[in-house]
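The values are calculated or read from the model by the stated rules, or taken from the named source; none is laboratory data. Computed from a predicted model, the values in this text were never measured in an experiment. Please note: Cβ atoms are built from the backbone with ideal geometry, for glycine as well, and neighbour counts cover all protein chains shown. Heads up: the accessible areas ignore ligands, DNA and RNA and are worked out on the full protein's heavy atoms, side chains in. Shrake-Rupley method; radii C 1.70, N 1.55, O 1.52, S 1.80 Å.
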Amino acid sequence: MSLLVVGLSHRSAPVSVLERASLDSDTQAKLLQDTLAAEPAVEAAVLATCNRIELYADVDKFHAGVAELSTLLAQHSGVGLEELTPYLYVHYEDRAVHHLFSVACGLDSMVVGEGQILGQIKDALARGQELHTAGRLLNDLFQQALRVGKRAHSETGIDRAGQSLVTFGLQQLAAGTEVPTWVKGKRALVIGAGSMSSLAAATLARAGVDEIVIANRTMERAERLVRILTEPGGTGVAAHAVDMASVRDELTRADVVVSCTGATGLVLTGGVVEAATAGRTAPLALLDLAMPRDIDAAAHRLVNVRLVDIESLAEASADAPMAADVDQVRGIVADEVAAFGAAQRAAHITPTVVALRTMAADVVAGEMARLEGRLPGLDDKQRAEITQTVRRVVDKLLHAPTVRVKQLAAEPGGAGYADALRTLFDLDPEAVASVSRADVNDADLKNRGRV
């Protein structure tokens, strides 16, 4: 395993740089394809969220891998390599595994413990599978990360260490008032109908907002979200959908606005917000969860307007109290990293063991063919008994060393045992490689479409 991750996040880069470096879905696909086309990567996956962009790869050279992945990130993000480099972080092998597992548990999130990152990791894996850029290593890694994240949330109170960005943002807007009390009687406008916007709408509905208006470029998606919000047995909130052309009018009637679209430019300019609030006495609360931002930062200078965005959330969450459960989650991550490393090291020797047993089977078959020539009078029962006896002898001779070598290979520093086995038994390198290729193809078929 030579896992490498190169990336930047809210911890390493200012929001202004993250905004400029954000990648849409088409750009992510091109980045993955170009990563595999360039040496030295043989697998690749990209995790891109509103506050992180990370490129994962299986590489055969560390320094060349760092240089290549950094260059590709710069090229596809549109931020020059010289400007981007100071904000990049690099993790390799076990440290890279530790990083992704920590991310999956919410330990590296802007709001510690938020669970939305699991869905984003799932999407990253699905994209790698769909484009066939995620092979055995990254399939195993990302699926294990999802399991580790779920384990952390089910076995600890990490959820209490922080809330989703939506909840945390609403708490910042409420400024000390309980969110259900603050939203009571309010009319909300949610711009966008993606995962974050859907989460925002559901959170507002559960909190008790009076009415929700969903605005989206695709009316079908907006109407689908409305149906989910208003289905029987749900929250009972009043909701309806509008197109994006109606946003300015809806803005004049809204008390709370949450925006999270995939737009590359501003959805609400300072002038639009100013026009919508002209002459009104009721305050307007704006929550911008998009990256790059949807709402002009200048809006916070307007009278009766309160704007909370990704940048202000980062500042606020830096002072948020850390729950004791964080230490427990860190313990889970450490244990899972060790287990993953052991499993990968053990898997590394499996092709060599298979090749050894295949060679032994060929030896048995050759000796039986030779015996047939020297003892042509053997009947079927005798031949079967001799064949079974020879196979048992070979299996017993190989059993202890192959079991032990797998145990030793799973320990730190055990990678050399596969080389020793190949040397001692003079195994054909191509025979071992063919087993490895078959394993990769089997893993690809098994994991395709499965996240």
* Output yes when any residue across the range 97-107 is open to solvent by 40 Å² or more (accessible area, probe 1.4 Å), touching a helix residue (DSSP H, G or I) at 6+ places or on another chain (Cβ under 6 Å), farther than 30 Å from ALA245 by Cβ and in a helix (DSSP H, G or I), and no when none is. => yes
* Structure fact -> When the range 140-173 is checked residue by residue, the ones that are open to solvent by less than 40 Å² (accessible area, probe 1.4 Å), outside any helix (DSSP H, G or I) and either within 14 Å of ILE117 (Cβ to Cβ) or touching a strand residue (DSSP E or B) at 6+ places or on another chain (Cβ under 6 Å) (or both) are GLY162, SER164
* **Given (1) open to solvent by 10 Å² or more (accessible area, probe 1.4 Å); (2) more than 22 Å from CYS50 (Cβ to Cβ), number of the condition THR264 does not satisfy** => (2)
* Asked: Do we find a residue being at negative phi, assigned to a helix (DSSP H, G or I), among the hydrophobic types (A, V, I, L, M, F, W, C) and touching a Gly at 6+ places or on another chain (Cβ under 9 Å) anywhere in the range 231-250?
  -> no
* To do: Quick one: count up the residues across the range 9-20 that are under 18 Å from the mean Cα position of the chain (by Cα) and under 21 Å from ASP294 (Cα atoms).
  => 3
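Does PRO412 count as modelled with pLDDT under 70, of a type outside the set (A, V, I, L, M, F, W, C) and loosely packed, with under 14 Cβ neighbours inside 10 Å? Give the steps one after another, and end with the answer.
Values: modelled with pLDDT under 70: yes; of a type outside the set (A, V, I, L, M, F, W, C): yes; loosely packed, with under 14 Cβ neighbours inside 10 Å: yes.
So PRO412 fits the description; yes.
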* To do: Considering every residue within the range 301-309, establish whether at least one is open to solvent by less than 40 Å² (accessible area, probe 1.4 Å), part of a helix (DSSP H, G or I) and modelled with pLDDT of 85 or more.
  => no
* Residue in the range 174-202 that is nearest to SER246 (Cα to Cα), counting only those that are surrounded by fewer than 21 Cβ atoms within 10 Å (Cβ to Cβ) and in contact with a strand residue (DSSP E or B) (Cβ under 6 Å, 6 or more places away or on another chain) -> ARG187
* Single residue of the range 203-227 satisfying the filter (assigned to a strand (DSSP E or B) and closer than 18 Å to ARG293 by Cα) that is most open to solvent (accessible area, probe 1.4 Å) -> ASN216
* What is the one condition in (1) closer than 26 Å to ARG293 by Cα; (2) aromatic (Phe, Trp, Tyr); (3) modelled with pLDDT of 95 or more that PHE142 does not satisfy? -> (1)
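Go through the range 377-409 and give me each residue that's hydrophobic (A, V, I, L, M, F, W, C) and open to solvent by 90 Å² or more (accessible area, probe 1.4 Å). Steps first, answer last, please.
First pass over the range 377-409, keeping only residues hydrophobic (A, V, I, L, M, F, W, C): 378, 384, 386, 390, 393-394, 397-398, 400, 403, 405, 408-409.
The answer is LEU397, and nothing else.
For the range 78-96, which positions are under 14 Å from SER12 (Cβ atoms) and surrounded by 18 or more Cβ atoms within 10 Å (Cβ to Cβ)?
Initially, the range 78-96 is screened for residues under 14 Å from SER12 (Cβ atoms), giving 79, 83-91.
Within the range 78-96, VAL79, LEU84, LEU88, HIS91 meet the criteria.
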* Among ARG345, ARG374, which is basic (Lys, Arg), open to solvent by 50 Å² or more (accessible area, probe 1.4 Å) and in contact with a helix residue (DSSP H, G or I) (Cβ under 7 Å, 6 or more places away or on another chain)? -> ARG345
* Asked: Residue check, ALA174 against (1) touching a residue at least 60 places away in the same chain (Cβ under 8 Å); (2) of a type in the set (A, V, I, L, M, F, W, C); (3) within 23 Å of SER317 (Cβ to Cβ), all met but one. Which one?
  -> (1)
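Does ALA361 meet the test of being within 27 Å of GLN144 (Cβ to Cβ) and exposed (fewer than 15 other Cβ atoms within 10 Å of the Cβ)?
Numbers: within 27 Å of GLN144 (Cβ to Cβ): no; exposed (fewer than 15 other Cβ atoms within 10 Å of the Cβ): yes.
When the stated conditions are applied, ALA361 does not pass them.
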